[in-house]
Amino acid sequence: MSAPNPPLTSSGQALRWLALSLSAAVAGQALHAVEVPAGLFLGPMLVAIVFGVCGAGLRLHKNVFRFGQGCVGLLVAHTMTWSVLMSLATSWHIMLLATVLTVCLSALVGLGTVRFGGIPGHTAAWGTAPGAASAMVAMAEDYGADSRLVATMQYVRVVCVVMVGALVSHLLGATTGVSQAIANAAVASHGNLVLGIGVILAGVAAGAFLPAGALLVPLLLGAALQLAGLLTITLPSELLAFGYGAIGCYIGLRFDRETLRYVWRRLPSMIIGALVLIMLCAGLAGLLAALTGADFLSMYLATSPGGLDAMAIIAVETHSDAGLVLAMQTLRLFGVILTGAFLARQIIRLTAPAAPRQEERDRPV
């Protein structure tokens, strides 16, 4: 085992943060300039992965990540109108069906990962669950799973989902561009901007207690204030770019050298499992789009397995049905949280040897 790196001085750490910030900004702006969907998010994420794997030893504070989620939530709230809400209300049965099928597909992929990928059942059960990665890792630790493997499986899938989502959006010819909320920011009133930031900060506070609360609270509160005529949602492009970059860097920095070394032999199985789940969900999206008449890209983003905030970013930038995407992603998030323990037990029961099954059965819920 190699000796640990000496602790960084404050100036050395500041220089690394500066290098990360500049590199992430340049990468994000470069991808955005060539109209890569969610380029402002994707560029910083890829740069942060490189920094993490190269041993930079940086960790972004969770509240910065939550602030970024709040920016995305408020931006999506801008798309919420009474007509959008009525459309979502009439499609509740489709969203429920898609949620159930996506959860079942993830459980099926979890079984396959155990059978053919050599990953322990209790780890695969949580690692393939298509919910909020942080929530799945926390719940997995409570049930005795290997949190490093679970976290890596979750974030590998998020990276795969984002990369494939951006590619699919590009291949389908989706146009990218900033929201009208950004375009109007220059003429926005100071009061609206202050109130909007207050809504984002409320989400940051809620994120400590509610799964994905940093995104959902600004979404719900911002939409309510907008529908009531109390808030005109505006976000300066610089603020939104910072929010996108914060989410991307937080995810990317989770991939450090130690974790990569630990999971290296299992990494191919994780990537294959993530891609198989993405393809199954894409097939489900095609079927639902054909049945409902919705456009394929919106349905694809809505059924993509995980990465609620990332899918929201891509949906907004490609002018997809952001309301449908967020509604289905949120419904699945809570569905996974409520059924995660049950599905994990079933995967463990189906994959564990006969002797350990009683031990798993006796584990408290």
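So the values come out like this:
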item	result
Helices (runs of 4 or more DSSP H) (entirely within the range 113-197) containing at least 2 residues that are at pLDDT 65 or above, under 25 Å from Arg257 (Cα atoms) and touching a helix residue (DSSP H, G or I) at 6+ places or on another chain (Cβ under 7 Å)	121-127, 133-142, 147-171
Filter result for Ala19 (in a helix (DSSP H, G or I), without any contact (Cβ under 8 Å) to a residue 60 or more places away in the chain and either exposed (fewer than 14 other Cβ atoms within 10 Å of the Cβ) or of a type in the set (A, V, I, L, M, F, W, C) (or both))	yes
Which listed residue is among the small types (Gly, Ala, Ser) and either within 15 Å of the chain's Cα centre (by Cα) or modelled with pLDDT under 85 (or both), from Ala289, Ala302, Ala285, Ala228	Ala302
Count of residues meeting criterion [modelled with pLDDT of 85 or more and over 16 Å from Ile233 (Cα atoms)] in the range 198-213	3
Options Val26, Val47; residue that is among the β-branched types (Val, Ile, Thr), at pLDDT 85 or above and surrounded by 22 or more Cβ atoms within 10 Å (Cβ to Cβ)	Val47
Pairs, first under 8 Å from Gly121 (Cβ atoms) and outside any helix (DSSP H, G or I) in the range 345-357, second modelled with pLDDT under 75 and of a type outside the set (Gly, Ala, Ser), C-beta under 7 Å, six or more apart	Ala352/Glu360
The range 64-76 residues that are assigned to a helix (DSSP H, G or I), paired with ones that are among the charged types (D, E, K, R) (beta carbon under 7 Å, 6 or more apart)	Gln69/Asp309; Val72/Asp309
Top-ranked residue in the range 234-260 [being at pLDDT below 85 and not in a helix (DSSP H, G or I); ranked as surrounded by the most Cβ atoms within 10 Å (Cβ to Cβ)]	Leu235
Cβ-Cβ under 6 Å pairs, at least 6 apart or on other chains, the range 34-55 side at positive phi, far side in a loop (DSSP other than H, G, I, E, B)	Glu35/Thr176
Where a residue in the range 104-127 is closer than 16 Å to Phe342 by Cβ and its partner, wherever it lies, is surrounded by fewer than 24 Cβ atoms within 10 Å (Cβ to Cβ) and of a type in the set (Ser, Thr, Tyr), with Cβ under 7 Å and at least six apart	Leu111/Thr351; Gly121/Thr351; His122/Tyr143
In the range 1-16, residue nearest to Ala241 (Cα to Cα) [restricted to those that are surrounded by 11 or more Cβ atoms within 10 Å (Cβ to Cβ) and modelled with pLDDT under 85]	Gly12
Condition met for Glu317 (at pLDDT 75 or above and surrounded by 24 or more Cβ atoms within 10 Å (Cβ to Cβ))	yes
Criterion violated by Arg265 - all others in (1) surrounded by fewer than 24 Cβ atoms within 10 Å (Cβ to Cβ); (2) over 23 Å from Ala33 (Cβ atoms); (3) modelled with pLDDT of 85 or more; (4) out of contact with any Leu (no Cβ under 6 Å at 6 or more places or on another chain) satisfied	(3)
Flag for Ala129 being in contact with a Gly (Cβ under 7 Å, 6 or more places away or on another chain) and not basic (Lys, Arg)	yes
Filter result for the condition that a residue is assigned to a loop (DSSP other than H, G, I, E, B) and of a type in the set (A, V, I, L, M, F, W, C), over Ala302, Ala285, Ala294, Ala290	Ala294
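The values are calculated or read from the model by the stated rules, or taken from the named source; none is laboratory data. For clarity, every value in this text was computed on a predicted model and none was experimentally measured. Counting neighbours? That spans all protein chains shown, and the Cβs are built from the backbone with ideal geometry, glycine included.
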